[in-house]
1. Go ahead and estimate [θ] at 222 nm for the chain from helices alone: -39,500 (n - 2.57) per DSSP H run with n ≥ 4, summed, over the residue count, rounded to 500.
2. Could you work out how much longer the chain between Q42 and R24 gets when fully extended? Use 0.36 nm per residue separation minus the Cα distance between them, nm to one decimal.
3. Kindly give the semi-axes, whole Å and largest first, of the ellipsoid equivalent to the chain, taking each as the square root of 5 times a Cα gyration tensor eigenvalue.
4. Would you mind checking the tilt of helix 17-99 against the longest principal axis of the Cα atoms of the chain, expressed as 0 to 90 degrees and rounded to 10?
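Read-outs throughout are calculated quantities, based only on the coordinates presented, and are distinct from any laboratory measurement. Keep in mind it's a predicted model, so treat the numbers as computed, not measured.
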Amino acid sequence: MPASLSILAFAKVGLSLDQQRSVRAFLANLNNFISGFSMFEQTNYEFELQKLERDQMFFAMKKSHKAHLLKTQLLEALTEGQELKKRMDEVNSRMEKLIS
């Protein structure tokens, strides 16, 4: 509790009943505010943490998807290269037969 609030709490002695009630009400409202603010901070922390975890998961999924696409493209290129080599071998085989 800040110094001004502790002074306010101890200063109740010389105050009228109405002023003392006002001080008690103020302190109760302040405690409610601080409690509510603490709950808000905790909830906000949890929300931000969930958001960061979700963003991390999304980034990992996006990276994995890009890697999958790249591997698919490489596999297609390899398959196409193998098909071209096979055709080239067939053409060379025919050429050799024609020459001989």
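1. -34000 deg cm²/dmol
2. 3.8 nm
3. Equivalent ellipsoid semi-axes, largest first: 85, 8, 5 Å.
4. With both axes taken from Cα atoms, the answer is about 0 degrees.
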